[in-house]
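**Q** If you scroll down you'll find the structure; I have some questions about it.
The values are calculated or read from the model by the stated rules, or taken from the named source; none is laboratory data. Bear in mind the structure is a predicted one, so any value in this text is a computation, not a measurement. Cβ sites come from the backbone with ideal geometry, for glycine too, and all protein chains shown count toward neighbours.
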Amino acid sequence: MSSGNDGEKIYPQGYEPEITSEATDDNVRNNLLDLILQSGPSEVVDTDLFAVMAKRRSTRKFSDKPVETTKVDKIIAAADTAPTAGNFQGFEIFYIKSPEKKKLLVDACNKQPYVDAPIVLVFCKNPSRVKFDFPEYILKKFAIQDATLAAGYSQLAAQALGLSSIWIGMFDEQKVMDVIGTDLVPSSVLCIGYPEQTKFPKPRRNLKDLVHVTW
Ligand SMILES: Cc1cc2nc3c(=O)[nH]c(=O)nc-3n(C[C@H](O)[C@H](O)[C@H](O)COP(=O)(O)O)c2cc1C
């Protein structure tokens, strides 16, 4: 991606956001991000963050209804709002559009058939972006946290937009890397679409068993 100063697009080839930015000022780095986040409030189904959290359920059956570009934009933009270690953004998103590659990803993800979803995003760790003068293992630790948090933000954004998702953590790293053509290690695959049915929240353990108060 380019900043736009040299006339190049500020989004990747093959993915054009619904809203595009004419910004050419490098200092307005988040111009497009801000435009996307502010756009089309009618597209947002639920703006109550806690309701979004409470209602989110994993979906493994998606309807064929295509996901609007404006919603994809917001899901990706949401990832870009997540905090990252040192703001170095130690992660990358691979937006898989090719049906053939989605099928290969099903295989790479332990043959989980729902990976062939309307929207498939692979979140990868990119520790080389994390420019702290720390040992490599710390940079890797930051990168996995960056990538995971970003995917979590996207997952909640999808829910807020009336979509549903399944987080895939069970995959063969090397196979996924071969399919998407990168040497970056994936941390999660997020599959998104309209759910065939809505479900009730799953039970969780009691709060008293979850929280350990330490004085
Ligand atoms: C780290 C992680 C890895 C997961 N991996 C998979 C997976 O490979 N396949 C799958 O079907 N679900 C996977 N899930 C989804 C969980 O099974 C699901 O979130 C959990 O059962 C709770 O259900 P809920 O999301 O509907 O609340 C994963 C979730 C997380 C957070």
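**Q** Give the residue, chosen from Thr198, Thr214, Thr182, that is surrounded by fewer than 10 Cβ atoms within 10 Å (Cβ to Cβ), over 13 Å from the mean Cα position of the chain (by Cα), among the hydroxyl-bearing types (Ser, Thr, Tyr) and not in a helix (DSSP H, G or I).
**A** Thr214
**Q** Touching a Phe, Trp or Tyr at 6+ places or on another chain (Cβ under 7 Å) and in a loop (DSSP other than H, G, I, E, B): is that true of Lys111 in this structure?
**A** Answer is no for this residue.
**Q** Would you confirm, using the coordinates I've provided, whether Pro186 is within 16 Å of the ligand (Cβ to nearest atom), farther than 15 Å from Val115 by Cα and either touching a Cys at 6+ places or on another chain (Cβ under 6 Å) or at pLDDT below 95 (or both)?
**A** Against the criterion (within 16 Å of the ligand (Cβ to nearest atom), farther than 15 Å from Val115 by Cα and either touching a Cys at 6+ places or on another chain (Cβ under 6 Å) or at pLDDT below 95 (or both)), Pro186 does not qualify.
**Q** Go through the residues of the range 70-79 one by one and say whether even a single one is among the charged types (D, E, K, R), surrounded by fewer than 18 Cβ atoms within 10 Å (Cβ to Cβ) and in contact with a Ser or Thr (Cβ under 9 Å, 6 or more places away or on another chain).
**A** No: zero hits.
**Q** Could you figure out which of (1) more than 16 Å from the ligand (Cβ to nearest atom); (2) in a loop (DSSP other than H, G, I, E, B) isn't true of Ser128?
**A** Against the list (1) more than 16 Å from the ligand (Cβ to nearest atom); (2) in a loop (DSSP other than H, G, I, E, B), Ser128 comes up short only on (2).
**Q** Then there's this: Filter the range 168-179 down to the residues that are charged (D, E, K, R) and in contact (Cβ under 8 Å) with a residue 60 or more places away in the chain, then identify the one that is surrounded by the most Cβ atoms within 10 Å (Cβ to Cβ).
**A** Lys175
**Q** Among the residues of the range 70-104 satisfying the criterion of being at pLDDT 95 or above and of a type in the set (S, T, N, Q), which is nearest to the chain's Cα centre (by Cα)?
**A** Across the range 70-104, the extreme among qualifying residues is Thr81.
**Q** Please go through (1) farther than 16 Å from Glu92 by Cβ; (2) of a type outside the set (A, V, I, L, M, F, W, C); (3) in contact with a Cys (Cβ under 9 Å, 6 or more places away or on another chain); (4) within 11 Å of the ligand (Cβ to nearest atom) for Pro201 and return the number of the only condition it doesn't satisfy.
**A** It fails just one condition, (3).
**Q** Please go through the range 47-67 and give me each residue that is more than 16 Å from the ligand (Cβ to nearest atom), surrounded by 12 or more Cβ atoms within 10 Å (Cβ to Cβ) and hydrophobic (A, V, I, L, M, F, W, C), ordered by number.
**A** Val67
**Q** Is it the case that some residue within the range 103-110 is in contact with a helix residue (DSSP H, G or I) (Cβ under 6 Å, 6 or more places away or on another chain), more than 22 Å from Leu156 (Cα to Cα) and among the β-branched types (Val, Ile, Thr)?
**A** The answer is yes, given that some residue of the range 103-110 is in contact with a helix residue (DSSP H, G or I) (Cβ under 6 Å, 6 or more places away or on another chain), more than 22 Å from Leu156 (Cα to Cα) and among the β-branched types (Val, Ile, Thr).
**Q** Could you look through the range 140-167, keep only residues that are farther than 25 Å from Gln38 by Cβ and surrounded by 23 or more Cβ atoms within 10 Å (Cβ to Cβ), and pick out the one that is nearest to the ligand (Cβ to nearest atom)?
**A** Ala147
**Q** So, in the range 168-179, of the ones that are among the hydrophobic types (A, V, I, L, M, F, W, C) and touching a helix residue (DSSP H, G or I) at 6+ places or on another chain (Cβ under 7 Å), which residue ends up farthest from the ligand (Cβ to nearest atom)?
**A** Here the answer is Val179.
**Q** How about the range 139-175: which of its residues are part of a helix (DSSP H, G or I), of a type in the set (S, T, N, Q) and out of contact with any Leu (no Cβ under 7 Å at 6 or more places or on another chain)?
**A** Across the range 139-175, the qualifying residues are Gln145, Thr148, Gln159, Gln174.
**Q** Hey, does the range 77-88 have a residue that's among the aromatic types (Phe, Trp, Tyr), out of contact with any strand residue (DSSP E or B) (no Cβ under 6 Å at 6 or more places or on another chain) and in a helix (DSSP H, G or I)?
**A** no
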